[in-house]
Amino acid sequence: MAEQAIRVGVVGLGVFGGYHARHYAASPRAELVAVVDADPARAASTAAQYDVAQFHNHRDLIGKVDAASVTAPASLHHAIARDLIDAGIHVLVEKPLATNAADARDLVALADKRGVVLAVGHIERYSPAVAALTERVRKPLRITAVRRAKPSGRSLDVDVVLDLMIHDIDLALTLAASPVVSVSASGSADEAEAWLTFASGTIATLSASRVAAVNERKLAVTEAATAYAADLAGPSLTATPRRVPGAVAQAITLVPRDNLGAEIASFLEAVAGRAPALVDGRAGLAAVEVADRIRAAIAEAPAANDLVSA
């Protein structure tokens, strides 16, 4: 007997919401049944493209879907996801899970109470370069992440820590696999630097800008014997032996994949009860908790601006 497709909706039809809708429509495990956007024209256009229902309020999905992606602006994540979770709908929330740790914690607790899947869209976890790193790295000494983007005009309801740096916070937490014991940071709404020290002794340096001249997504991890360098935009990954005179970087073969496709497939697997989500609500909460600490450190710095200190 054929497995019944999971009925899915997408809330928020910006660029990324459109990508989510496309992947669900193409998945044999899902049935895209509805899309939601406050903009009637945008909702109508996407609904017509996939021949599905259109709504302007996320609550209209209740009773019609089993699962939903929340791809609305970050400032709306908590309110939208909470209503859907409370109705028993499995939810994939784009990063960040919420704009503060209290709201993220509330979503995790409610998902536990309602017994639904809460996954978070930290898409870099699905990168083949990151997958190869997590297989290899055991005791990192230093993690360095650089993430720069040209001005896009998107996600301006949050600062650069929640918009871009949140990716690398999640990666640092994953690779270090240790509690953060100290945080220092400086920056503004659009550019920030953070320094994290983990209980294991790992030190992570994170740099993010959304007003850069070029786009860049680099991640370096140093262990006692090996230095790894990843270009997440490539993607590519090299490994260089340390303390070996004349050592040459060796390229690590990566299997190409669609990161968002892998993220959505993981979510659907979790909804079907076959495997836990790779990035669950607790992972999303952990990233937001560290983001809160970084933003607090920036707010205490002399040059902090109003958005970051809010």
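Brief remarks follow.
- For the range 6-122: rounded, prolate or oblate by the Cα gyration tensor [a/c cutoff 1.5]: prolate
- Whole-number percent relative contact order across the chain, with pairs defined as alpha carbons under 8 Å at least 6 apart: 18 percent
- For A287, neighbours were defined as the other residues whose beta-carbon sits under 9 Å from its Cβ, and their charges (Lys and Arg +1, Asp and Glu -1) total -1.
- Highest-fluctuation residue, I252, I169, I80 considered, GNM on the chain with Cα pairs under 10 Å: I252
- Separation between Cα centres of the range 13-28 and the range 230-293, rounded to whole Å: 21 Å
- The range 140-168 and the range 58-95 have their alpha-carbon centroids 24 Å apart.
- Put simply, the convex hull of the Cα atoms in the range 7-71 casts, on average, a shadow of 3.6 nm².
- Length-normalised contact order for the range 80-173 - Cα pairs under 8 Å, 6+ apart - percent: 31 percent
- Fraction of alpha-carbon pairs over 28 Å apart in the chain - percent: 40 percent
- Summarised in one figure, the compactness ratio Rg/Rh of the range 94-248, Cα atoms and Kirkwood Rh, is 0.99.
- Helical mean residue ellipticity (222 nm; -39500 (n - 2.57) per DSSP H run of 4+; nearest 500) of the chain: -10500 deg cm²/dmol
- Each Cα pair under 8 Å and six or more residues apart adds its sequence gap; the mean of these over the residue count of the range 6-122 is a relative contact order of 23 percent.
- Fluctuation leader among G121, G273, G88 - the chain, Gaussian network, Cα springs under 10 angstrom: G273
- Backbone HN-Hα couplings from phi across the range 4-16 [Karplus 6.51/-1.76/1.60, Hz, Gly and Pro as x]: 6, 5, 7, 6, 10, x, 10, 10, x, 10, x, 4, 6
Just so you know, all these numbers are worked out from the coordinates, no wet-lab data involved. These figures come from a predicted structure and were not determined experimentally. Glycine also receives a Cβ, built like all others from the backbone with ideal geometry; neighbour counts cover every protein chain displayed.
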